[in-house]
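Comments concern the structure below.
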Amino acid sequence: MGVVAAPSRGASRLASPAMSRLWDTATIRAEVARRRDVLLADLDGAGTVALLEDGATAPTAEPVDHVVSVAWLAGRDDLDGALSDLARRLGPGGRVHLIEPTLGVDLTARAQRLAATVAQRRTGWRIDRDIPAAARRAGLVLTDLERFSMPVPSPVLRPWIEGTGRVRPHVPSDLWDTTR
């Protein structure tokens, strides 16, 4: 005779309709699509644009004028490597445009770190990473950054950013050498 474990109360709460609503991304995807469409309309005629969305592969090795990442970085395991790769693929004067979930502040950030594994399984996004800080580590200068909250019940899914960055220009060391 086998032993059958009864489901715990916690397991039934996790599968409840109320809990499912917490992880529903339909509102987020609609707002992201709206922001993406506005951004792409602004970039119309501005050169070559590589659009990266959920599940897309990295752009070709050819330089592009604009890279638009729409929740693409959130699905990458190696965030720093992905951002560095995007920066290398930009042509002279090129820009990276980001619409991404990001790490919030204070208690929201703590909750995001605690919920990160569940969030990734439910949404496919890593919500526990600071996208602006990672962009700066990759050598990008963020010239425009808006932090906004998604209108969803789950506080861990609310913090998002929309920003634009460019590659930090190289300054020869002899220009900033103070020993002369």
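Applying the condition of being assigned to a helix (DSSP H, G or I) and in contact with a Pro (Cβ under 9 Å, 6 or more places away or on another chain) to region 89-118 and asking which residue is surrounded by the fewest Cβ atoms within 10 Å (Cβ to Cβ) yields LEU107. Would a scan of region 47-58 turn up a residue that is of a type outside the set (Phe, Trp, Tyr) and part of a helix (DSSP H, G or I)? Within region 47-58, not a single residue is of a type outside the set (Phe, Trp, Tyr) and part of a helix (DSSP H, G or I).
Scanning region 119-142 for residues that are part of a helix (DSSP H, G or I) and either out of contact with any Gly (no Cβ under 6 Å at 6 or more places or on another chain) or surrounded by fewer than 20 Cβ atoms within 10 Å (Cβ to Cβ) (or both) yields a count of 11.
Residues of region 122-142 being charged (D, E, K, R) and within 13 Å of ILE161 (Cβ to Cβ), which ones? Please lay out each step first, then the result.
Going residue by residue through region 122-142, those that are charged (D, E, K, R) are 122, 126, 128-130, 136-137.
ARG129, ASP130, ARG136, listed by residue number.
Just one of the listed residues (THR27, THR57, THR48) is surrounded by fewer than 19 Cβ atoms within 10 Å (Cβ to Cβ), at pLDDT below 85 and over 22 Å from THR117 (Cβ atoms), namely THR57.
The residue that is modelled with the lowest pLDDT, among those in region 143-165 that are assigned to a strand (DSSP E or B) and surrounded by fewer than 17 Cβ atoms within 10 Å (Cβ to Cβ), is THR143.
Counting the residues of region 112-140 that are among the charged types (D, E, K, R) and free of Cβ contacts under 8 Å to residues at least 24 places away in the same chain gives 3.
One residue is enough: does region 6-18 have a residue meeting the conditions over 19 Å from VAL167 (Cβ atoms) and either modelled with pLDDT of 90 or more or surrounded by 17 or more Cβ atoms within 10 Å (Cβ to Cβ) (or both)?
No, every residue in region 6-18 fails to be over 19 Å from VAL167 (Cβ atoms) and either modelled with pLDDT of 90 or more or surrounded by 17 or more Cβ atoms within 10 Å (Cβ to Cβ) (or both).
The values are calculated or read from the model by the stated rules, or taken from the named source; none is laboratory data. Being a predicted model, the structure only gives us computed values, none of them experimental. No Cβ is skipped: glycine too gets one built from the backbone with ideal geometry, and neighbour counts run over all protein chains shown.
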